[in-house]
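Read the figures in this text as sums done on the coordinates, not as results from a lab. The shown structure was predicted, so the numbers you read here are calculated from the model rather than taken from an experiment. Cβ: placed from backbone, ideal geometry, glycine included. Neighbour counts: every protein chain shown.
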Amino acid sequence: MQLLDGKKVSEDIKNEIAAEVQRMKDNGEKVPHLAAIIVGNDGASLTYVGSKVKACERVGFESTLIKMPSTTSETELLKKIKELNEDDNIDGFIVQLPLPEQIDTQEVLMAIDPSKDVDGFHPENFGKMALDMSTFIPATPFGILELLERYNVETKGKHTVVIGRSHIVGRPMSILMGRKGFPGNSTVTLTHSHTKNITQITSQADIIITALGVPNYLKAEMVKDDVVIIDVGITRVADETNPKGYVITGDVDFDNVSKKASFITPVPGGVGPMTIAMLLKNTLLARENRKRK
Ligand code: GUN
């Protein structure tokens, strides 16, 4: 079994980006600037956004964090997005999800200028991704592709089973694994809450990508020998023996499944840090695109 070490690979990527930012500075060029909007006080979301801002500092990007109260109206949020769209100093920005229920997420995502949509969630960018056109690939799927590529995990002709059809992970992942090229050329099954006999499907999978948010859901009995496991789950599970009061737990029963797997991502230290590194990569791309314009 080989660990797909997202912590290490993400450090390599951040070092590559930092070197590029240094080159920009040496040439007197503007460095990339990422902004993030967070609405409300969800602890996990605040932690994720904090990590994104910290990662910007680490590679030499500029960053702006905009915190809005949980009572923010859709109109107020759309106004803030318009400001960021028109701010020439901002190369890319994200709106952290989920949003409070009074706000229509799809309306918000459609208001983001596609050229600044470094999450790749705007329908124009999502459509381009599905058509193999150059665009921003959503950071978590992009990070998974990068891990498979850097560890040279064979995907051609393999049966990839994706668990969960979220717009952020499962849906784009199912498209990307089936497209021509590497990583890709897989035969993809997208499973979800209405899928019957899930074990029958997962036990035929060469590659399983699980993005469910149910701790320890995938058990050893559900997978075959030498399976490749990508665990996107990051759920906080209460644990009083831990100083934080919780432990981050993946969708996979790691101790048992890892005994059968050829490759597996740990949680934490797998997909999570890759997501942040690829958001930085998209922001660098946004900067380069704007410079060319
Ligand atoms: N919430 C969970 N993952 C993500 C992500 O990749 N981007 C944003 N904006 N919100 C998220």
Per-residue counts of other Cβ atoms within 10 Å, averaged by peptide: what ranking do you get for 8-20, 66-78, highest first?
8-20, 66-78
In degrees rounded to 10, the 0-90 angle between helix 6-26 Cα long axis and the longest Cα principal axis of the chain is 20
Enumerate the amide H contacts of THR189 below 5 Å, restricted to partners 5 or more residues apart or on another chain; note that Pro and chain-start residues carry no placed amide H.
THR160, VAL161, VAL162
Under the Karplus curve 6.51 cos²θ - 1.76 cosθ + 1.60, θ = phi - 60°, whole-Hz ³J(HN,Hα) for region 34-49, x wherever Gly or Pro sits
9, 10, 10, 9, 10, 10, x, 10, 4, x, 5, 4, 4, 5, 4, 5
Residue-wise, which Karplus ³J(HN,Hα) couplings in Hz belong to region 175-192, taking 6.51 cos²θ - 1.76 cosθ + 1.60, θ = phi - 60°, and x for glycine or proline?
6, 5, 6, x, 7, 5, x, 10, x, x, 6, 8, 8, 10, 10, 9, 9, 7
The answer for MET68, listing residues at least 5 apart or on another chain whose modeled amide H is closer than 5 Å to its amide H, is ILE38, VAL39, GLY40
Could you pull out the pairs from LYS67/LYS219; LYS54/LYS80; LYS79/LYS244; LYS7/LYS293; LYS52/LYS128; LYS128/LYS291 whose alpha carbons sit more than 31 Å apart here?
LYS67/LYS219; LYS79/LYS244; LYS7/LYS293
Amide H contacts under 5 Å for VAL95, restricted to residues at least 5 apart in sequence or on another chain and with H modeled in the peptide plane, are ILE37
Can you give the calculated 222 nm mean residue ellipticity of the chain, where each DSSP H run of n ≥ 4 adds -39,500 (n - 2.57) and the sum is split over every residue, rounded to the nearest 500 deg cm²/dmol?
-12500 deg cm²/dmol
By per-residue mean of other Cβ atoms within 10 Å, what is the highest-first order of 271-283, 245-257?
271-283, 245-257
GNM of the chain, Cα pairs under 10 angstrom: of HIS159, HIS167, HIS194, the biggest fluctuation goes to HIS194
Just flag the GluC sites (Glu not before Pro) in region 84-148 sitting in loop per DSSP whose Cβ has no more than 11 other Cβ atoms within 10 Å.
GLU101
